[in-house]
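**Student:** Here it is: the structure, laid out below.
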Amino acid sequence: SHAAWTLWWLGYPAQGLVQSHEAVTLAQQRAHPFSLGYALSFAAFFHQFRREVRATQERAEATIVLATEQGFPVWMAWGSLLDGWALVQQGQAQEGLAQIHQGIMAWRATGAAGSRSYFLALLAEARGILGEPEAGLAVLAEALVHVEHTGERYYEAEIHRLKGELLLQQSSDNQADAESCFHHALVLARNQQAKSLELRAVMSLSRLL
């Protein structure tokens, strides 16, 4: 599951997809519910990275079903978050936003702290889709505080890219600031050798230019 994520960041999404499928298959063969929840939720994340909405939703819903049956609160929270993201992408923005909020609250209730910056980025993206760039920017500011406080930097480049996109949505007068965000995202991604995030930053910058 972790190899799938890493391959995607390094710019090998097809190889990552193979690893993701293998992780789920292995967990199913072992018939170990907690491991299956782990593999399914990580697979949902992986498809979200690739922005494959239907696949994300399918894995997230499977995670929710398993977590409900077995009483796994972390997997339940993750499944809810990612199902919410998929709903937002399919035009059910209000319902999806509420589900993302619910997932974040449920996840925090477990005492977990990891991946908060990533979850907040999903929330900020949803705010942008709802036409609320100011709210989205406030969420990203919170995410960046978390990044600096914890050193959790795997999604930092994408947070800065999203900040640039929301600044452009907020006002056409923000072009210089948005360009700065895209350049910063590009530098961060290159320093991490995160080719997939580098490509996203390049595309946002090229559209602006």
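**Student:** Out of Glu156, Glu152, which single residue is surrounded by 21 or more Cβ atoms within 10 Å (Cβ to Cβ), closer than 25 Å to Ala77 by Cβ and acidic (Asp, Glu)? Can you show your working first?
**Tutor:** Details: Glu152 fails: surrounded by 21 or more Cβ atoms within 10 Å (Cβ to Cβ).
Result: Glu156 is the single residue among Glu156, Glu152 that is surrounded by 21 or more Cβ atoms within 10 Å (Cβ to Cβ), closer than 25 Å to Ala77 by Cβ and acidic (Asp, Glu).
**Student:** Next question, about the same structure. Residues Ala135, Ala141, Ala176: which one is over 15 Å from the mean Cα position of the chain (by Cα), open to solvent by 20 Å² or more (accessible area, probe 1.4 Å) and over 20 Å from Leu120 (Cα atoms)? Spell out the reasoning first.
**Tutor:** Values: Ala135 fails: over 20 Å from Leu120 (Cα atoms); Ala141 fails: over 20 Å from Leu120 (Cα atoms).
Unique residue meeting the criteria: Ala176.
**Student:** Here is a list of conditions, (1) part of a helix (DSSP H, G or I); (2) touching a helix residue (DSSP H, G or I) at 6+ places or on another chain (Cβ under 9 Å), and Arg51 meets all of them except one; can you say which number that is?
**Tutor:** Answer for Arg51: the failing condition is (1).
**Student:** Starting from segment 190-205, keep only residues that are in contact (Cβ under 8 Å) with a residue 24 or more places away in the chain, then list their pairs with residues that are among the polar types (S, T, N, Q) whose Cβ atoms are within a distance under 9 Å, requiring at least 6 positions of separation or different chains.
**Tutor:** Glu198/Gln192
**Student:** Just name the residue that is least open to solvent (accessible area, probe 1.4 Å) out of those in segment 179-198 that are in contact with an Asp or Glu (Cβ under 9 Å, 6 or more places away or on another chain) and not hydrophobic (A, V, I, L, M, F, W, C).
**Tutor:** Within segment 179-198, the match that is least open to solvent (accessible area, probe 1.4 Å) is Gln192.
The values are calculated or read from the model by the stated rules, or taken from the named source; none is laboratory data. All values derive from a computational prediction rather than experimental measurement. As a convention, Cβ positions derive from the backbone with ideal geometry for all residues, glycine included, and neighbour counts pool all protein chains shown. To get the accessible areas, we keep the full protein, side chains included, count just its heavy atoms, and leave off ligands, DNA and RNA. Shrake-Rupley method; radii C 1.70, N 1.55, O 1.52, S 1.80 Å.
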